[in-house]
Amino acid sequence: MAEDGRAEVPTRTLVEGMVRADGTIDAGELYGVAGELGMTDQQVRLCIKRMAADGLLVQEGRGRRAVLRETDRARRSAEPEAGFVRHMYAQDAGLAPWDGRWHLVAFAVPEAARTARDALREALVRLGGAALQGGLYVSANTWEALVEAEAAHLGVRDCVTLLTSTDLCIAGEDDPPALARRLWPLDDLAAGHRRLAALAAARLARLTAPDPADAPARIERLAIAVELAAEFTRATADDPLLPPELLPRPWPGAEARALTADCWRLLRRGGRDAPEPGPRFFQRYDEVMTEITGEPRTA
């Protein structure tokens with residue numbers, strides 16, 4: 001977090017986070033939230049200009065009275081990886097226990113397809129895999145369908161082999177939690193989750209101010225929502241979502257996600273100053289949490 005206690009929110013993240021369910025952004029609210037987060041109008045204008053030049057936004061009107069509309073291209077690129085969010089909360093709820101299987105991917109992509117080979121490596125890491133050695137990656141989660149889709153997209157499906165095993169031994173080590181510590185940067189991941197937990201706890205205290213007169217108004221609530229979304233993304237972007245059975249106890253990721261969930265519920269249900277229609281990620285978050293908890297969706 002920044003020295004003022006605010007989360008560090010990239011300008012583009014702010015703009016994308018302000019997209020409502022109908023694909024529009026109210027420019028007046030956008031500039032208001034930007035100011036709340038310590039950004040200048042010039043920063044926002046330049047970001048809008050760049051995104052429009054990239055074919056991601058269309059602006060109707062001028063200044064704070066404008067309405068910004070995301071394009072189809074932006075909508076496709078901004079689709080959240082809801083499956084990963086769903087899985088992490090299912091793990092926290094004890095609904096996705098580890099079956100003891102390691103999921104391995106082996107590939108031998110020729111030098112002539114080096115670009116595709118490098119892209120495949122990056123995709124495997126993005127999907128939560130860790131390199132065992134050249135051309136061999138492992139995950140603790142079922143990822144075969146995702147890997148096959150990536151390989152097919154890159155045109156190297158015929159170069160990929162998938163397998164599972166209940167036995168994995170590296171340099172004489174076969175204890176699953178010890179292997180997880182060896183393969184993934186758990187200390188760095190834990191630090192990111194602690195930063196998210198600290199931000200969420202501070203914002204939760206703000207949202208539950210005992211005196212209703214001290215409750216944050218709409219623009220501040222929107223700023224809190226964007227902060228949480230940015231820090232949540234930052235903390236989970238590189239998280240391989242290892243099963244709890246492989247992680248140190250207690251694992252700060254579970255606490256951070258629980259605190260974030262509490263904040264989002266309060267923001268979504270916060271009365272007349274709740275961010276309605278609000279950022280689109282509220283709707284997406286509701287959908288995921290409804291599946292996990294069985295709670296009715298918020299109005």
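The values are calculated or read from the model by the stated rules, or taken from the named source; none is laboratory data. Just so we're clear, the structure is a prediction, and the values are computed from it rather than from any experiment. All Cβ positions, even for glycine, are placed from backbone atoms using ideal geometry, and neighbour counts span all protein chains on display.
So, ALA197, is that one at pLDDT below 95, under 16 Å from the mean Cα position of the chain (by Cα) and part of a helix (DSSP H, G or I) or not?
No, not satisfied.
What are the residues in segment 144-166 that are in contact (Cβ under 8 Å) with a residue 12 or more places away in the chain and farther than 22 Å from ALA112 by Cβ, if any?
Within segment 144-166, GLU144, LEU146, LEU162, LEU163, THR164, SER165, THR166 qualify.
Taking segment 132-152 on its own, how many of its residues are among the aliphatic types (A, V, I, L, M), surrounded by fewer than 21 Cβ atoms within 10 Å (Cβ to Cβ) and assigned to a helix (DSSP H, G or I)?
4
Just checking: which of the helices (runs of 4 or more DSSP H) contained wholly in segment 17-93 hold 2 or more residues that are among the charged types (D, E, K, R) and over 23 Å from the mean Cα position of the chain (by Cα)?
41-53
Could you tell me which of the residues ALA205, ALA200, ALA106 is surrounded by 14 or more Cβ atoms within 10 Å (Cβ to Cβ), in the same structural domain as ARG249 (by TED's automatic domain parsing) and not polar (S, T, N, Q)?
Of the residues listed, the single one that is surrounded by 14 or more Cβ atoms within 10 Å (Cβ to Cβ), in the same structural domain as ARG249 (by TED's automatic domain parsing) and not polar (S, T, N, Q) is ALA200.
Does segment 200-215 hold any residues that are without any contact (Cβ under 8 Å) to a residue 60 or more places away in the chain, part of a helix (DSSP H, G or I) and of a type in the set (A, V, I, L, M, F, W, C), and which are they?
Across segment 200-215, the qualifying residues are ALA201, ALA205, ALA213.
Condition test on ALA82, is it touching a residue at least 60 places away in the same chain (Cβ under 8 Å), hydrophobic (A, V, I, L, M, F, W, C), surrounded by 13 or more Cβ atoms within 10 Å (Cβ to Cβ) and in contact with a helix residue (DSSP H, G or I) (Cβ under 7 Å, 6 or more places away or on another chain)?
Considered against the rule, which asks whether it is touching a residue at least 60 places away in the same chain (Cβ under 8 Å), hydrophobic (A, V, I, L, M, F, W, C), surrounded by 13 or more Cβ atoms within 10 Å (Cβ to Cβ) and in contact with a helix residue (DSSP H, G or I) (Cβ under 7 Å, 6 or more places away or on another chain), ALA82 comes out as yes.
Out of segment 157-178, which residues are surrounded by 12 or more Cβ atoms within 10 Å (Cβ to Cβ) and assigned to a helix (DSSP H, G or I)?
ARG157, CYS159, PRO176, PRO177, ALA178
Assuming ALA131 fulfils every condition listed in (1) more than 19 Å from GLY253 (Cβ to Cβ); (2) modelled with pLDDT under 95 apart from one, which condition is it?
(2)
Could we say that LEU183 is over 22 Å from the mean Cα position of the chain (by Cα), surrounded by 14 or more Cβ atoms within 10 Å (Cβ to Cβ) and within 30 Å of TYR137 (Cβ to Cβ) here?
no
Tally the residues that are over 13 Å from ALA223 (Cβ atoms) and either assigned by TED's automatic domain parsing to the domain that holds LEU228 or surrounded by 19 or more Cβ atoms within 10 Å (Cβ to Cβ) (or both), restricting the search to segment 21-43.
Number of matching residues: 2.
ARG249 versus (1) in contact with a helix residue (DSSP H, G or I) (Cβ under 8 Å, 6 or more places away or on another chain); (2) of a type in the set (D, E, K, R); (3) under 25 Å from LEU189 (Cβ atoms): which is the lone unmet condition?
(1)
Do we find a residue being at pLDDT 75 or above, part of a loop (DSSP other than H, G, I, E, B) and not aromatic (Phe, Trp, Tyr) anywhere in segment 216-227?
Yes, that holds for at least one residue.
Could you count how many residues in segment 6-62 are in contact with an Asp or Glu (Cβ under 9 Å, 6 or more places away or on another chain), free of Cβ contacts under 8 Å to residues at least 24 places away in the same chain and β-branched (Val, Ile, Thr)?
1
Does PRO185 satisfy the criteria of being farther than 30 Å from LEU30 by Cβ and modelled with pLDDT under 95?
So PRO185 does not fit the description; no.
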